[in-house]
1. If VAL1137 satisfies every condition in (1) part of a strand (DSSP E or B); (2) over 24 Å from the mean Cα position of the chain (by Cα); (3) buried (at least 22 other Cβ atoms within 10 Å of the Cβ) but one, which is the exception?
2. Starting from the stretch 874-887, keep only residues that are outside the structural domain of ALA854 (by TED's automatic domain parsing) and touching a residue at least 12 places away in the same chain (Cβ under 8 Å), then list their pairs with residues that are surrounded by 11 or more Cβ atoms within 10 Å (Cβ to Cβ) and of a type in the set (S, T, N, Q) whose Cβ atoms are within a distance under 9 Å, requiring at least 6 positions of separation or different chains.
3. Filter the stretch 296-335 down to the residues that are among the basic types (Lys, Arg) and more than 15 Å from CYS353 (Cβ to Cβ), then identify the one that is modelled with the lowest pLDDT.
4. Based on this model, can you work out whether LEU870 counts as over 45 Å from the mean Cα position of the chain (by Cα) and hydrophobic (A, V, I, L, M, F, W, C)?
5. Could you tell me which residue of the stretch 1214-1249 is modelled with the lowest pLDDT, considering only residues that are assigned to a loop (DSSP other than H, G, I, E, B) and under 23 Å from SER1111 (Cβ atoms)?
6. Inspect the stretch 103-110 for any residue being under 16 Å from LEU207 (Cβ atoms), in the same structural domain as ILE197 (by TED's automatic domain parsing) and in contact (Cβ under 8 Å) with a residue 12 or more places away in the chain and give the result as yes or no.
7. Take the residues of the stretch 81-96 that are at pLDDT 90 or above and not small (Gly, Ala, Ser): which is farthest from PRO206 (Cα to Cα)?
8. If you go through the stretch 233-263 one residue at a time, how many are under 47 Å from the mean Cα position of the chain (by Cα), aliphatic (A, V, I, L, M) and either part of a loop (DSSP other than H, G, I, E, B) or assigned by TED's automatic domain parsing to the domain that holds MET312 (or both)?
Amino acid sequence: MSEQHVRATGGFAYGVVGADIHVFGDGTPLYVLRRWTPAPEADPRWLRQQPSRMLHARFAVAPFTGREDELGALHSWCAGGPRRAARWLHAPGGQGKTRLAQQLATELSAQGWTVVTAVEGPGTVLPPPGSQDLAPDGGAGLLLLVDYADRWPLTSLTWLFSNALLHQPGVRARVLLLARGTDPWPALRGALAGEQIDVSTQSLGPLEEPSGPAAGQGERGATFRAARAAFAARYGIAAPAGEPDLTDDDFGLVLAVHMAALVAVDATASGRRAPPDLAGLTLYLLDREHLGWTLLHDGRGAGRITLPPAVMNRVVFTASLSGAQPHERGKRLVDALETGHPTPTVLADHGVCYPPPEGMAGTVLEPLYPDRLAEDFVALTVPGHPADYPAQAWAADTADAVLRHGSGPARAVSTLIAAADRWPHLGPGCLYPLLAADPGLAAAAGGAALTALAELPDITTALLEEVVDAVPRPTPANLVVGAAAVDVRLFPSRLAAAADRHERAWLYSGYGNDLSELGRTKEALEAARRGSELFEELAADDPETYEEHVGRTLTNVAGLLRRVGQVDEAVATQRRVVDLFTRLVQGDPGRYEPYRATALANVSVHLEAVGRWEEAYRANQEAAEAYRTAAVHDPRQRRGLAIALSNAVALTFRPPAEDVALREAVELSRKLVREGEPVELSPLTACLERLRDHLSARGRHEEAVAPAREVAELNRHLAEADPDRYTSAWTRALMSLHGILRDADRPRDAVEVGEEAVTWLRRLADRAPATYLSSLGDAVRRQNGALRAVGLPPEAEVEVERRVLDPDSLRSRVPAASIVVDGWVGELLPVPHLSVAALDETARGLARRRDWPAYWELVRSAPVADAVHLVRRIPRRAGRPDRPLDAELFDWLRSLSPRRTRALVEEAAGAATRTLPEDLGLLSAAYCAFGFGDTVLATARLRSDADERSREVIETVDLESGMRTVLHRGPVHHGALAALGPGEVVALRRCEGHDARAELIRYTESGARVLARGETLTGARLTATAYGCVVSLPLAPRVLALRATGELRQVDIGPWALRTCGPTAVTPRGDRMVLSDGHRLIAVHAALDRVLSAAGVPDWHAPVRDMVFASEDALVTAGAHGGLVLWQLDAEGMRPVASRDTPMLSQLCAVPAWDLVAGHAGSGIRIHCFDPWRDLTPVDAPAAFAGSAGRVREVMAAPGGRHVVYSGQLDAGAPPRHRSFSFVARSHDLHHHGALLRRSPAGLDDAELAALARADAGSPAVRDLLRLAYVMAAPV
């Protein structure tokens, strides 16, 4: 059952179920969420009093017509694609955005969707106190509608996207943002880049209408006729005959066509003539507003008002600018008008004409709708236009009163700007004088108002300069885009007035920054380049003054180059900056060393972005040394030094004495805080977290306690000062400390810390259950583990909804296609999987039940050392097996010492690993490949050779014999590799020349041969199989199959419902594989001659970015947005059986012998390991990596192969005499007798049993263990 959580904040009680409330410091919500309700049925008589009411989207009088294609596009967007998506729907006012959104909401609601509306909080009228149940009904999905999105502050929109409402497990969420323009969209899209939200835009163009004889047969004619019939029904008359000419561009607006239909009906009913153009229609409807006020005043309408029409005119003008107001605010505003009538009477009479919507009874001054008609009314009320409509001398003063006494300038200023865009007199006659008197009004109205103001054609540059000068500095995030739009508008005039090259250089540099803020990155790059060119020209004449600015502007150029994807050029440009400041440092180190340090840090950032970790690390180290030097003269540079020292740990190649560097970063940060830098702005917390995680990852848990505790204390102080912002971070820090205390074997201390964390998480979960309930459940579970460890009773577990994988839902992702499948034949005798990690837990359960026969079977299936340990729990008399052979084996196991046995096994297993030659350069698994089921490894490595023509070397190495064969030396052009055998490699390379086409090359000892060439090879992946090699093409619906004989053929995968081919995976036997385009999985025979099975990828997991077989019948896929899924393949098909939330993983590899799947997380600096047979539970690195697990950076294993290769700074943790920070690669032989002793004898295949039988160890004790393992592997 759902619970409601209502909290009174700042006098406003507002609650939601299934969502968060985000509030300002005074308790006012940033926005309000309400469940959408369909249009109410309005009284036709009331509608006829003021016909404009029938145009209000709220009443939906005119049926939805004319936008069927756009509605279909929105339905497709809702039904397909990722689980969370946002769309910016934009069009001019009156184009039908709101009506289209209402229709979508109506249809989706009928299909079981939950539909919610969001209204910005500050400056708007909030709903009455109460609670909104927004929890999804278990239906098809959630649609969130955001109107006037271009008027929302960017920060409020980004907070909205973090709301738990959009993150419900298993619920498809769609956010539809309605706006007039697109200027705020690039900034919002950039803010959402890391949120795993699919973003798109959709525009509404004008309604189409043919001219000539076919006039009236298009969208406009159909919309007109449907609306006319609906309006005539409200008037109780037959629809009038005849249709106006709708071919004028003005009637491209849906609102204009509806106005024409409404006026045609009203004119017929009242015996008038309908005007033919949009201007005339506007005047007609406004005249009807005046007539409605008069009739009500004269007592001839439904209701009676005492306010004269002239006074009502002014109040309606006021409401059109102010928008609906809370009662007290509205009362003060009307008081300021000094109408000569009692304010309660004014508000009551206005409410008769313009009542608030249902559920908003506490509000006053409801504006005239639709918005466009209200804007026209405001413009026509201001003197200066030629239209036949009475202007009022009080208009400008009334607008000023609204700005001074209303709830904020946002709506009033935005309305005036929108109206001034269509009515040129409004700017000089009202808007511009108001802004000249108070230029800060534009900034106070928000970034959207600034953007719209910059687009007005007749605004003077002088006024815009005053407006932009009034923007606060530093510019708040909500105003950055708007201020940039004003600056971009002013650039031509500023450039024309520039007195010299110096001023033009500064202008171009600033212009580039402004264009960048607007998302116009390519234009920004050109402007930044022009600015740097001008500074270089100035520096040629006056280097002392301008070379520094050359470096700064080139830094901007480099950043923009990286954003447009030209990373190599970005790195080269940033290196120019480094060279420049390196030279300047020679003359004035105190002044230029900080610039050089920052330039080096930027080089590191650019290199890290493209995965060039070794170079990034070196640049970061140079930056750290430069900051260290600069800090001697300028203590402020210690901040940069602390960040650089801390960043080094996050890069692939860690620095020598990394503990020293991290601790120095912490101490530097502490000094900065002691000297006055705020904790929240200092790097202290981040540095302490890095130190904490570094120590904990290396098993130095006791040392990790101190930094973990300090992180918790720092967050505690921040939470006390700003609870809403930092309490969540504090609880996370407490739980990190809790875990480290448990690891340090200090459960009592952990209980104390966990109690505090759970207490605060309960408070957070009470306030926002959808966001924090899962964290609370995890904290309680972990705290219970600590309570049990000290002998205390556990707390009640917190019930948390878990995501359930529904295989039936996958069908929706498979396109309409007929795929004939032969079926997947599973293993006849599948090996039972029981992870070593689960052995002890299973054994304890069996021992508690005293189920000794089952316990004995478990012992027989365990690795030798574990069997010797486990067997000692079986009582000699009650549990000894009856069968003679088993009894003999039982006695043999009981006779061995567990500690001695494990030591012998570890000693033997150590011999299975050997170090590979240092110059092999196994720095990245992306440039290495095993031959299928073979001992051959192919590599593409770089030599430290000045000759670029021979820097790259492709070779094979036989890991059993050690024989190396060089197949190619040349420029650095290769990407993917596949080894076909000793001395034979297939590789993808980029051609030299301007077109840089891709080529598929086969290298052998006798030479190289081009197998294929073309653009469609770009990004191809190579997978070795038992039949040769498969080349997947991400740009075409086909793959290439290379046979071992050298035959290359093309296979069309379109009939298999694959649009392209991306990730692939081959089974350990190499005879079957799975192909994927990211959204579908197609299992095929490795010869690519038949399909075996097919499945669709769940939306929340799509697209798949990588995959690997964990066994012959089990596939693991990694989603592009994170997460793993385990798929079972059998005669029934391919289905998901387990899932695990993980970081984004790549370069998956599997070692079935170890029950292991591993992959790179994020930037690739850490290997994550999972057990596929325990629901993909995260596990520690394999025992074979003992002593170096935390330093492993690459793991490679061949399907069906016998070797695992891993590399990294493996000796960094060795004793001092043997310690080294060099990059080391090692190979572990899975068929070595030491490796086999670590394995479960029951899980060994025929080849491994044969290797075990012929193994010959030097130690008699080890030989006995080998014989024991062989006996244990024998079938019972």
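The values are calculated or read from the model by the stated rules, or taken from the named source; none is laboratory data. Note that the structure is a prediction, hence the values are computed from the model and not measured. Heads up, the Cβs are rebuilt from the backbone with ideal geometry, glycines too, and the neighbour counts pull from every protein chain shown.
1. VAL1137 satisfies every listed condition except (3).
2. none
3. The first filter runs over the stretch 296-335 and keeps only residues among the basic types (Lys, Arg), leaving 300, 304, 314, 329, 331-332.
Within this subset, residues satisfying the condition of being more than 15 Å from CYS353 (Cβ to Cβ) are 329, 331-332.
Details: ARG329: 90, LYS331: 94, ARG332: 94.
Among those that are among the basic types (Lys, Arg) and more than 15 Å from CYS353 (Cβ to Cβ), it is ARG329.
4. Yes.
5. So the first thing to find is which residues in the stretch 1214-1249 are assigned to a loop (DSSP other than H, G, I, E, B), and the list is 1214-1215, 1219-1223, 1230-1232, 1238-1240, 1244-1245.
Next, only the ones that are under 23 Å from SER1111 (Cβ atoms) stay: 1230-1232, 1238-1240, 1244-1245.
Working: LEU1230: 85, HIS1231: 84, HIS1232: 85, ARG1238: 85, ARG1239: 83, SER1240: 83, LEU1244: 79, ASP1245: 75.
My answer is ASP1245.
6. Kept after step one, since they are under 16 Å from LEU207 (Cβ atoms), are these residues of the stretch 103-110: 103.
From the residues that got through so far, the ones that are in the same structural domain as ILE197 (by TED's automatic domain parsing) too are 103.
Narrowing further to those that are in contact (Cβ under 8 Å) with a residue 12 or more places away in the chain: 103.
Yes.
7. Selected residue: ARG87.
8. Let us first name the residues in the stretch 233-263 that are under 47 Å from the mean Cα position of the chain (by Cα), namely 246-262.
Checking which are aliphatic (A, V, I, L, M) leaves us with 246, 253-257, 259-262.
Filter once more, so that each one left must be either part of a loop (DSSP other than H, G, I, E, B) or assigned by TED's automatic domain parsing to the domain that holds MET312 (or both): 246, 253.
Summing the residues that are under 47 Å from the mean Cα position of the chain (by Cα), aliphatic (A, V, I, L, M) and either part of a loop (DSSP other than H, G, I, E, B) or assigned by TED's automatic domain parsing to the domain that holds MET312 (or both) in the stretch 233-263 gives 2.
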